[in-house]
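Heads up, the thing below is written out as C-alpha cells.
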Amino acid sequence: MSSKNKIFQIKCAILLLLCTTTIPLSAQLNSFPESYRIDSKDIERAKKVISTPLKEDLVLPNPHKDAQWYPNASLGLFMHWGIHSVVGAQPSWDMIAHYRYGGKVAPPERYYALANQFDPQNYDPDKWLKSAQKAGFTYAVLTTKHHDGYALWPSKYGIGTKQYMGGRDLIQPYVDACRKNGLKVGFYFSPRDWHFPGLMHPNEYDAEKWHQLPAITDSVANYQKYERFLGFVLAQMEELLTRYGKIDILWLDGMYFKGVSDMHTEQIYTWIRSLQPGIVINDRWSNIVNPDDPAGSGMRIGDFTTPFECILPTYTPSQWWEHCDIWTSGGGGWGYDKTGTFRPYAWFFEHLVASRSLGGNFLPNVGPDGKGEMHPNYYKNMEAIAEWMSHSRESVIGAAPSPGIARSNVMITSRGNNWYLHLLPSFQKQVSLRTGQKPIAVTLLRTGESIPFIYRDGFINFSLLPAQRTEMDDVVKVVIPEGRKRYTMSKDDDASIEVDKSFNKFARKSTTLNK
C-alpha cells in the first residue's frame, strides 16, 4: 500500500471517529423533548398557587412542632452529586464556556453527554451517612436536581434517571439511609433547569456573551411561558415531596425566568407546607445566588437564611440560619474532587465554631464520584472528627451561642452555666475571658485535666502548654457558678447578658464576630 493511501485511510479513520463522538454529543442538549410536554392540570395548578391570596400571613420560621429541631441541628452534610461527578466537574457551571468558575466541560452538548456515563453501580449512601452520623452530623442535604436539570429520581418531567437508567431511583436509598442512621432528610432542588426548552438563550452558555440577549417583545406571551415553566417546576417538586414520606429540609436554589420579577415566594412556601407541614425551607426560591454574586439578587425569605456561602460567618443574620461551604479544595468545586484534597481540620472547626457561636448551623459540602463512592479521604476525615466529638461534642452539637462576643479573645459557645472556649491552631496567645465571677472549674475537654488560671477583677487568664495543643480545636470548658449576681458589660461591649440563678438566660442585644 502506498504512503498516500495510508495517509488517506488514517484521515478517514479520524473523520469517522469525530463523527461517532460528535453526533451523540450534539443530540444531548435538546434531548427527550417529549418529557417537557406539561399537563394542562399542572399549568392550572401553578396559576392557582400564585394567584390565590393568602388567608393569613406566612409565619417564619415554621412554627410547626416538627420543624423545631433545626436551630440546634448544628452540623449537616451537603452532597452535590450528578452527571458532573463522572469527571469531577463543577455542577452545571462547567458547561458555561469562558466562565471563571466553570468551562471545563463546555459546550453544553459535551456536558450533557456525561449522562451516558453516569451509572453509579457502587452507590451505598448508608456507608456515607453512617460515617457522618458517628462524626456528629445530624442532617444531610443531597442534590436531587441541579441547574443542569438532570433528576436523580425517575421524574415524569424533564431528563434524568428515567431516560438514562431505566427509571432507577437514586433518592429512595438516600432517604432510607438518612432514616436508618438517625439523620434528618434534606433535599436540594434547583427550580432553574437549563435543559428546559427555550429557558436559556444560546448566548447564556458563554460567559463572554451573557450581555448579548434579545429583548422581550411580547410580555403577555412571555408570562404565559413562565406559567408553563412554573407548572413544570411545581410538578417535579410535588413528586419529591409526596414520594418519600416526611422530608425535613427543602434547600431551594433560585427560581428564575427572564422578564418576570415576582416569584410569589410566600404563596409557593405555603403550597410546599400544604404537602409537608413540618418542613424547613431556605431563603432561595426567589433569591438567586451565583458564584459571582454570593449575596444573592433577591429578598431573603425562608425559615432559615443562607447569607454565608463560602464566607466565614460574621454576624447573626436571622433567627434560624445556615453557613454552607466547600469542604474539598482540589478541584470540582461543589462536585466531586478527584484528588481527594480536604481542607485542614482547623478550617473545618473554625467554620463550625463560628457558626455555632453565633447561633447558626454549618453545612460543609463533599461530593461522591460518578460510581457513587466517596473518596477514601472522606472517611479518614470523618473518623478524625468522630474522635474529636468523643470528648468535645458538647461544645458544638446543640450548644448555645456565645454569651458575649466581646468577652474573650477566642470564640465561645455555651450550654447553661458552662462556657466553651475554642482555641484553634492559629491561636497561640494567652486566653483572656471576662466572667464577672471566679469560675468553679477550668478544664481541657480532650483530657479532662484542670487548667491553672489567674482570676482578677472579673477576668480569668490562662495559657495551654504546647503539649496540650493539637491540629484541631482545643476546647477549654469554664464552669461559671450559679447565683443572682448581675454583671453588666461596659458600653464598649457589643453584647450583654443577665446572670440569674441558673446563669443560662441570656438577653442578647447584638453580636458581631471579628474575623
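The values are calculated or read from the model by the stated rules, or taken from the named source; none is laboratory data. Treat the numbers as computed from the prediction; the structure is a model and nothing was measured. Note: ideal-geometry Cβ built from the backbone for every residue, glycine included; neighbour counts use all protein chains shown.
In table form, for the structure just shown:
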| read-out | value |
| --- | --- |
| Residue tally, condition over 28 Å from residue 32 (Cα atoms) and among the hydroxyl-bearing types (Ser, Thr, Tyr), over the stretch 102-150 | 3 |
| Lone qualifier among 184, 180 - being among the basic types (Lys, Arg), under 30 Å from residue 139 (Cα atoms) and more than 20 Å from the chain's Cα centre (by Cα) | 180 |
| Test: residue 425 is touching a Ser or Thr at 6+ places or on another chain (Cβ under 9 Å), farther than 30 Å from residue 123 by Cβ and assigned to a loop (DSSP other than H, G, I, E, B) | yes |
| Boolean, residue 154 is surrounded by fewer than 20 Cβ atoms within 10 Å (Cβ to Cβ) and touching a strand residue (DSSP E or B) at 6+ places or on another chain (Cβ under 8 Å) | yes |
| Inter-residue pairs, beta-carbon under 8 Å, first more than 21 Å from residue 92 (Cβ to Cβ) and in the stretch 227-255, second small (Gly, Ala, Ser) and assigned to a loop (DSSP other than H, G, I, E, B), 6+ apart | 246/278; 248/278 |
| Where a residue in the stretch 292-316 is touching a residue at least 40 places away in the same chain (Cβ under 8 Å) and under 20 Å from residue 272 (Cα atoms) and its partner, wherever it lies, is buried (at least 19 other Cβ atoms within 10 Å of the Cβ) and aromatic (Phe, Trp, Tyr), with Cβ under 7 Å and at least six apart | 303/320; 304/70; 304/320; 304/321 |
| The one condition in (1) under 25 Å from residue 254 (Cα atoms); (2) in a loop (DSSP other than H, G, I, E, B); (3) not hydrophobic (A, V, I, L, M, F, W, C) that residue 330 fails to fulfil | (1) |
| Any hit, the stretch 212-226, residues being under 25 Å from residue 102 (Cβ atoms) and either in contact with a strand residue (DSSP E or B) (Cβ under 7 Å, 6 or more places away or on another chain) or free of Cβ contacts under 8 Å to residues at least 24 places away in the same chain (or both) | yes |
| Boolean, residue 349 is buried (at least 22 other Cβ atoms within 10 Å of the Cβ), in a helix (DSSP H, G or I), among the aromatic types (Phe, Trp, Tyr) and in contact (Cβ under 8 Å) with a residue 24 or more places away in the chain | yes |
| The stretch 364-415, residues that are part of a helix (DSSP H, G or I) and either within 19 Å of residue 315 (Cα to Cα) or of a type in the set (A, V, I, L, M, F, W, C) (or both) | 382, 384, 385, 386, 388, 389, 405, 406, 407 |
| The stretch 371-390: number of residues that are under 13 Å from residue 132 (Cβ atoms) and among the aromatic types (Phe, Trp, Tyr) | 2 |
| Every residue from the stretch 59-80 that is over 28 Å from residue 366 (Cβ atoms) and either exposed (fewer than 15 other Cβ atoms within 10 Å of the Cβ) or not hydrophobic (A, V, I, L, M, F, W, C) (or both) | 59, 63, 64, 65 |
| Residue list for the stretch 101-123, restricted to those being farther than 14 Å from residue 150 by Cα and of a type in the set (Gly, Ala, Ser) | 102, 103, 106 |
| Selection count where residues are closer than 25 Å to residue 94 by Cα and in a helix (DSSP H, G or I), scope the stretch 154-207 | 10 |
| Residues of the stretch 257-300 satisfying the condition of being assigned to a loop (DSSP other than H, G, I, E, B) and in contact with a Leu (Cβ under 7 Å, 6 or more places away or on another chain) | 276, 279, 282, 284, 285 |
| Residue 268 touching a helix residue (DSSP H, G or I) at 6+ places or on another chain (Cβ under 9 Å) and buried (at least 23 other Cβ atoms within 10 Å of the Cβ) | yes |
| Unmet criterion (only one of (1) touching a residue at least 60 places away in the same chain (Cβ under 8 Å); (2) under 19 Å from the mean Cα position of the chain (by Cα)) for residue 129 | (1) |
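Matching residues to (1) crowded, with 23+ Cβ neighbours inside 10 Å; (2) within 26 Å of residue 82 (Cα to Cα); (3) not assigned by TED's automatic domain parsing to the domain that holds residue 406:
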position	(1), (2), (3)
282	yes, yes, yes
299	no, no, yes
306	yes, yes, yes
322	yes, yes, yes
327	no, yes, yes
331	no, yes, yes
371	no, yes, yes
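Conditions tested, residue by residue: (1) in the same structural domain as residue 260 (by TED's automatic domain parsing); (2) assigned to a helix (DSSP H, G or I); (3) in contact with a Pro (Cβ under 9 Å, 6 or more places away or on another chain).
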site	(1), (2), (3)
50	yes, yes, no
53	yes, no, no
62	yes, no, yes
71	yes, yes, yes
78	yes, no, yes
88	yes, no, no
